[in-house]
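Worksheet: one structure, shown below.
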Amino acid sequence: MSVETVAPAEADASARQMDLLRFATAGSVDDGKSTLIGRLLYDTKSLFTDQLAAVEAVSAARGDEYTNLALLTDGLRAEREQGITIDVAYRYFATPRRKFIIADTPGHIQYTRNMVTGASTADLALILVDARKGLVEQSRRHAFLCSLLRVPHLVLCVNKMDLVDWSQEVFEQIADEFTAFAAKLDVPDLTVVPISALQGDNIVSRSENMPWYEGPSLLHHLERVHIASDRNLVDVRFPVQYVIRPQSTTVTDYRGYAGQVASGVLKAGDEVMVLPSGFTSRIAAVETADGPVDEAFPPMSVTVRLADEIDISRGDMICRPNNAPAVAQDIEAMICWMDETRPLQVGGRYAIKHTTRSARAIVRGLHYRLDVNSLHRDETAGELKLNEIGRVRLRTTVPLLADEYRRNRTTGGFVIIDEATNRTVGAGMIVEAG
Amino acid sequence: MTATAAYQVSHLDALEAESIFVMREVVAEMERPVLLFSGGKDSIVMLRLAQKAFAPANIPFPVMHVDTGHNFPEVLEYRDQRVAELGLQLIVASVPEALTKGLVRESADGMRNRIQTPVLLDAVEKHRFDALFGGARRDEEKARAKERMFSFRDEFGQWDPKNQRPELWALYNGRHHPGESIRVFPLSNWTELDVWHYIARERIPLPSIYYAHQREVIERDGMLYAVNEFFRGRAGEQPFKAQVRYRTVGDASCTAAVRSDADTVEKVIEEVAATRITERGATRGDDRVSEAAMEDRKREGYF
């Protein structure tokens with residue numbers, strides 16, 4: 001690797017004002033994904049000499065021809081023995097502008113389950129294709145899953161440009177084809193970058209080998225992509241997580257509702273409604289341990305106090321009287337099934353966790369199973385097996401306080417839990433709550 | 001919180017908010033949580049986050065120290081002072097006591113890292129804890145990079161890396177049967193540098209050994225071990241005085257110091273930002289046993 005580097009996160013006070021970007025990477029080892037991640041870590045001085053030395057030693061002992069950077073993330077014994085990636089690995093790096101969390105999702109085994117997991121919290125997804133091969137079935141599947149999970153920003157990296165003679169024509173053909181496919185999906189923001197992860201072209205700085213490319217380097221884009229507007233600041237949604245009532249002689253009559261703001265902006269004096277009861281009140285104060293704050297917005301964890309004494313408990317939702325989520329027991333949702341032992345079946349009963357609320361649910365119907373490669377809907381499907389996606393209708397024991405997932409990723413997403421094994425067996429994205 | 005008009009928060013505020021959310025989630029859903037407190041910087045930060053999560057109420061769970069008997073006196077003193085200040089219940093799971101009772105046996109190399117696992121599991125069973133907060137971070141070690149925020153452990157306290165629950169959005173699944181438990185890692189997404197920036201911002205006091213001081217040490221395998229009652233030089237090893245500090249605090253017989261002049265939090269941040277070696281790589285003899293030393297310990301029930 002060349003030694004072109006950027007400054008590591010600064011030690012001074014400005015470093016404390018960096019923001020945070022979470023991104024998911026999709027692609028297989030063959031696409032050069034591990035090389036790209038290794039390159040990003042290396043060039044931002046986030047890869048340490050002892051980590052690199054350990055990888056080099058293991059590579060040499062296995063007889064690899066080159067330092068296999070996949071070993072950086074494939075930390076488990078079974079992964080090293082079998083040469084596969086089993087699970088989502090989290091990696092961290094920072095530049096003076098931003099801290100980055102990478103959810104690195106493996107390309108082969110349990111692909112959909114891992115990709116959906118990584119994408120669920122991502123601000124951005126990075127999809128890799130090999131310039132020599134162009135778009136493959138897997139690239140389309142990645143793009144579809146990112147749109148299903150409503151990842152706001154998508155970056156297509158056309159890698160191995162060095163192996164196609166830095167050809168503008170090859171790049172543009174792939175970019176055009178992908179852009180056309182993305183137009184059929186819900187992809188709000190797409191950027192395409194030609195790179196060579198191995199040689200470092202267009203990773204940190206603009207490549208001299210591709211003067212025809214006028215866009216930003218990958219890191220430049222990651223550092224500057226505008227994510228502040230991705231948050232929903234319109235719909236006030238505050239799922240009550242825990243009621244703070246000090247049992248103390250010094251603090252008396254204190255009753256605060258603790259939680260993390262899902263969306264919207266809360267401030268003292270605002271008129272609010274509490275669901276499912278429908279009672280209204282005013283916000284007396286928005287507090288943190290460091291004192292009251294003027295406003296609370298995502299992703300802040302705060303404590304809200306109300307002017308009136310209302311019976312509120314965990315799982316309730318504070319919203320605005322004129323802007324409330326649905327209070328619904330009939331839920332239409334897209335489900336990604338994640339259990340290898342038992343499929344989702346019509347009539348099946350499960351536990352559900354949605355915001356801070358738990359319920360039980362019965363599957364009333366399966367409208368169709370979606371082929372994630374062709375987007376074909378199979379309406380004859382009777383069940384969803386591991387890694388299959390379909391649209392279902394659920395009936396819950398208690399109402400969910402729910403929004404459409406496309407409008408709110410926090411109040412629109414839920415997980416399905418098998419009550420016998422306690423395992424998380426599915427992810428749900430609400431299409432309609434009525 | 002430092003917010004701008006654009007409704008943005010800094011990365012430290014985002015990490016703090018996530019950790020507080022996780023701690024509240026555990027207290028809301030689990031029966032008997034406990035916080036593992038070693039007196040190390042990560043558990044100290046975790047304790048500060050617990051204070052913030054439940055203010056103005058007190059921290060609603062006890063803390064537990066798995067005591068290998070090989071302690072730095074400065075750290076024990078810090079632990080007792082902190083616990084008294086916060087009015088917390090302290091449970092000590094003692095390895096020396098377990099050795100006396102015959103629950104565990106001293107390992108051949110004298111390291112107690114591995115034998116603290118049965119002692120921890122014994123205390124968990126005795127107190128019927130169902131959720132254990134640990135200060136482990138994913139950036140520390142490659143096995144930990146694949147760890148969940150809520151990590152399920154079976155009735156033997158074992159971690160099965162191939163059989164982890166998918167963790168989507170901020171929806172954590174803490175369901176378990178009696179006897180099973182969940183390890184919870186609120187600092188999963190923090191890096192060593194994040195922890196130090198937070199310590200600086202929050203002005204959190206630390207045990208003095210985290211800052212540069214003079215100490216008598218022995219160099220072994222490229223690491224500097226303090227000479228004390230738990231660690232004595234072998235033949236041919238010459239003790240010498242050096243200016244050092246500790247990057248991690250663990251068992252005093254297998255935790256090494258690093259050469260450092262950083263005697264303030266600002267200087268430590270500068271040093272950590274510039275260092276090219278991971279904190280465990282620089283200071284932990286116990287991770288050097290094999291490529292998968294950490295994974296193997298975690299499978300047995302270690303953090």
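Only one residue in B:Arg48, B:Arg32 is of a type in the set (Lys, Arg) and in contact with a Lys or Arg (Cβ under 9 Å, 6 or more places away or on another chain). Which one?
Details: B:Arg48 fails: in contact with a Lys or Arg (Cβ under 9 Å, 6 or more places away or on another chain).
Being of a type in the set (Lys, Arg) and in contact with a Lys or Arg (Cβ under 9 Å, 6 or more places away or on another chain) holds for just one of B:Arg48, B:Arg32, which is B:Arg32.
Listed residues B:Ala84, B:Ala50; which is outside the structural domain of B:Ala226 (by TED's automatic domain parsing), touching a residue at least 24 places away in the same chain (Cβ under 8 Å), closer than 30 Å to A:Asp253 by Cα and small (Gly, Ala, Ser)?
It is B:Ala50.
How many residues does the stretch B:125-170 hold that are at pLDDT 90 or above, under 28 Å from A:Pro299 (Cβ atoms) and either among the hydrophobic types (A, V, I, L, M, F, W, C) or out of contact with any Ser or Thr (no Cβ under 9 Å at 6 or more places or on another chain) (or both)?
Total meeting the criteria: 11.
Filter the stretch A:409-434 for residues that are polar (S, T, N, Q), part of a loop (DSSP other than H, G, I, E, B) and more than 16 Å from the chain's Cα centre (by Cα) and give the result.
A:Thr421, A:Asn422
Determine which single condition A:Thr250 fails, assuming it passes every other condition in (1) in the same structural domain as A:Pro298 (by TED's automatic domain parsing); (2) at pLDDT 95 or above.
So A:Thr250 meets the others, but not (2).
Would you pick out the residues in the stretch B:115-137 that are more than 25 Å from B:Tyr78 (Cβ to Cβ) and not acidic (Asp, Glu)? If you could, list the steps in order and put the result at the bottom.
First, the residues of the stretch B:115-137 that are more than 25 Å from B:Tyr78 (Cβ to Cβ): B:118, B:121-122, B:125-126, B:128, B:130.
If the condition is that a residue be more than 25 Å from B:Tyr78 (Cβ to Cβ) and not acidic (Asp, Glu), then B:Pro118, B:Leu121, B:Lys126, B:Arg128 are the ones that fit.
Under 8 Å between Cβ atoms, at least 6 apart or on separate chains: pull out the pairs that start in the stretch A:227-250 with a residue that is closer than 27 Å to A:Phe23 by Cβ and end on any residue that is at pLDDT 95 or above and among the acidic types (Asp, Glu).
Taking only residues 6 or more apart or on different chains, the pairs are A:Ile227/A:Asp123; A:Asp230/A:Asp123; A:Asp235/A:Asp403; A:Arg237/A:Asp403; A:Pro239/A:Asp316; A:Gln241/B:Glu25.
So in the stretch A:39-51, with the set limited to residues that are in a helix (DSSP H, G or I) and facing chain B (nearest Cβ under 9 Å), which one is surrounded by the most Cβ atoms within 10 Å (Cβ to Cβ)? It would help to see each step written out before you state the result.
Applying the first criterion (in a helix (DSSP H, G or I)) to the stretch A:39-51 yields A:39-43, A:49-51.
If we keep only those that are facing chain B (nearest Cβ under 9 Å) too, we end up with A:49-51.
Numbers: A:Thr49: 12, A:Asp50: 15, A:Gln51: 20.
My answer is A:Gln51.
Which one is surrounded by the fewest Cβ atoms within 10 Å (Cβ to Cβ), of the residues in the stretch A:379-434 that are of a type in the set (Lys, Arg) and within 23 Å of A:Tyr111 (Cβ to Cβ)? Steps first, please.
Let us first name the residues in the stretch A:379-434 that are of a type in the set (Lys, Arg), namely A:385, A:391, A:393, A:395, A:406-407, A:409, A:423.
If we keep only those that are within 23 Å of A:Tyr111 (Cβ to Cβ) too, we end up with A:385, A:391, A:409, A:423.
Details: A:Lys385: 13, A:Arg391: 20, A:Arg409: 22, A:Arg423: 22.
Checked the stretch A:379-434; the qualifying residue surrounded by the fewest Cβ atoms within 10 Å (Cβ to Cβ) is A:Lys385.
State the number of residues belonging to the stretch A:235-254 that are over 18 Å from B:Phe21 (Cα atoms) and either of a type in the set (D, E, K, R) or within 11 Å of chain B (Cβ to nearest Cβ) (or both).
Residues in the stretch A:235-254 being over 18 Å from B:Phe21 (Cα atoms) and either of a type in the set (D, E, K, R) or within 11 Å of chain B (Cβ to nearest Cβ) (or both): 9 in total.
Quick test for you: out of A:Arg305, A:Arg349, A:Arg282, pick the one residue that is touching a strand residue (DSSP E or B) at 6+ places or on another chain (Cβ under 8 Å) and within 23 Å of A:Gly413 (Cβ to Cβ). Don't jump to the end; show me each part of the working.
Values: A:Arg305 fails: within 23 Å of A:Gly413 (Cβ to Cβ); A:Arg282 fails: within 23 Å of A:Gly413 (Cβ to Cβ).
After ruling out the rest, the residue left standing is A:Arg349.
Considering only residues of the stretch B:202-236 that are part of a loop (DSSP other than H, G, I, E, B), closer than 18 Å to B:Gly110 by Cα and over 21 Å from the mean Cα position of the chain (by Cα), which is modelled with the highest pLDDT?
Looking at the filtered set, the residue picked out is B:Val227.
Determine which member of the set B:Val66, B:Val22, B:Val26 is away from chain A (no Cβ under 14 Å) and farther than 25 Å from A:Lys267 by Cβ.
Details: B:Val22 fails: away from chain A (no Cβ under 14 Å); B:Val26 fails: away from chain A (no Cβ under 14 Å).
Result of the check over B:Val66, B:Val22, B:Val26: B:Val66.
Count, please, the residues in the stretch B:65-110 that happen to be surrounded by fewer than 19 Cβ atoms within 10 Å (Cβ to Cβ), at pLDDT 90 or above and hydroxyl-bearing (Ser, Thr, Tyr).
2
Would a scan of the stretch B:246-258 turn up a residue that is surrounded by fewer than 20 Cβ atoms within 10 Å (Cβ to Cβ) and either among the basic types (Lys, Arg) or in contact with a strand residue (DSSP E or B) (Cβ under 9 Å, 6 or more places away or on another chain) (or both)? Reasoning before the result, please.
Our first condition is that a residue be surrounded by fewer than 20 Cβ atoms within 10 Å (Cβ to Cβ); within the stretch B:246-258, this holds for none.
No; the residues of the stretch B:246-258 include none that is surrounded by fewer than 20 Cβ atoms within 10 Å (Cβ to Cβ) and either among the basic types (Lys, Arg) or in contact with a strand residue (DSSP E or B) (Cβ under 9 Å, 6 or more places away or on another chain) (or both).
What number of residues within the stretch B:119-131 satisfy the criterion of being buried (at least 18 other Cβ atoms within 10 Å of the Cβ) and either touching a helix residue (DSSP H, G or I) at 6+ places or on another chain (Cβ under 6 Å) or without any contact (Cβ under 8 Å) to a residue 24 or more places away in the chain (or both)?
So the first thing to find is which residues in the stretch B:119-131 are buried (at least 18 other Cβ atoms within 10 Å of the Cβ), and the list is B:119-121, B:123-124, B:129-131.
Checking which are either touching a helix residue (DSSP H, G or I) at 6+ places or on another chain (Cβ under 6 Å) or without any contact (Cβ under 8 Å) to a residue 24 or more places away in the chain (or both) leaves us with B:119, B:131.
Looking only at that region, the number is 2.
Checking A:Phe238 against (1) closer than 30 Å to B:Tyr7 by Cα; (2) modelled with pLDDT under 95; (3) not basic (Lys, Arg): exactly one of these is not met. Which one?
Of (1) closer than 30 Å to B:Tyr7 by Cα; (2) modelled with pLDDT under 95; (3) not basic (Lys, Arg), only one is false for A:Phe238: (2).
Touching a residue at least 12 places away in the same chain (Cβ under 8 Å) and buried (at least 21 other Cβ atoms within 10 Å of the Cβ): does that describe B:Asn173?
Details: touching a residue at least 12 places away in the same chain (Cβ under 8 Å): yes; buried (at least 21 other Cβ atoms within 10 Å of the Cβ): yes.
Criteria met by B:Asn173.
Quick one: in the stretch A:216-234, which of the residues that are more than 8 Å from chain B (Cβ to nearest Cβ), loosely packed, with under 14 Cβ neighbours inside 10 Å and of a type outside the set (S, T, N, Q) is farthest from the chain's Cα centre (by Cα)?
Keep residues of the stretch A:216-234 that are more than 8 Å from chain B (Cβ to nearest Cβ), which gives A:216-227, A:229-230, A:232, A:234.
Still in the running and loosely packed, with under 14 Cβ neighbours inside 10 Å: A:224, A:226, A:229, A:234.
Those still in the list that are of a type outside the set (S, T, N, Q) too: A:224, A:226, A:234.
Details: A:Arg224: 19, A:His226: 16, A:Val234: 21 Å.
Across the stretch A:216-234, the extreme among qualifying residues is A:Val234.
Take the stretch B:176-191 and flag every residue that is buried (at least 20 other Cβ atoms within 10 Å of the Cβ), in contact with an Asp or Glu (Cβ under 8 Å, 6 or more places away or on another chain) and either aliphatic (A, V, I, L, M) or at the interface with another protein chain (Cβ under 10 Å from one of its Cβ atoms) (or both).
B:Ile182, B:Leu187, B:Ser188, B:Asn189, B:Trp190, B:Thr191
Which is within 14 Å of chain B (Cβ to nearest Cβ) and over 17 Å from A:Gly434 (Cα atoms), of A:Arg349, A:Arg377, A:Arg369, A:Arg409? So that I can check it myself, show each step before the final result.
On the way: A:Arg349 fails: within 14 Å of chain B (Cβ to nearest Cβ); A:Arg377 fails: within 14 Å of chain B (Cβ to nearest Cβ); A:Arg369 fails: within 14 Å of chain B (Cβ to nearest Cβ).
Exactly one residue qualifies, and that residue is A:Arg409.
Out of A:Thr356, A:Thr303, report the one residue that is within 21 Å of A:Thr396 (Cα to Cα), at pLDDT 95 or above, within 13 Å of another protein chain (Cβ to nearest Cβ) and under 26 Å from the mean Cα position of the chain (by Cα). It would help to see each step written out before you state the result.
Values: A:Thr303 fails: within 21 Å of A:Thr396 (Cα to Cα).
Within the list A:Thr356, A:Thr303, the selection yields A:Thr356.
What single numbered condition from (1) assigned to a loop (DSSP other than H, G, I, E, B); (2) under 24 Å from B:Lys142 (Cα atoms) fails to hold for B:Tyr198?
B:Tyr198 satisfies all of (1) assigned to a loop (DSSP other than H, G, I, E, B); (2) under 24 Å from B:Lys142 (Cα atoms) except (1).
The values are calculated or read from the model by the stated rules, or taken from the named source; none is laboratory data. Just so we're clear, the structure is a prediction, and the values are computed from it rather than from any experiment. Ideal geometry is used to build each Cβ from the backbone, glycine not excepted, and the neighbour counts take in all protein chains shown.
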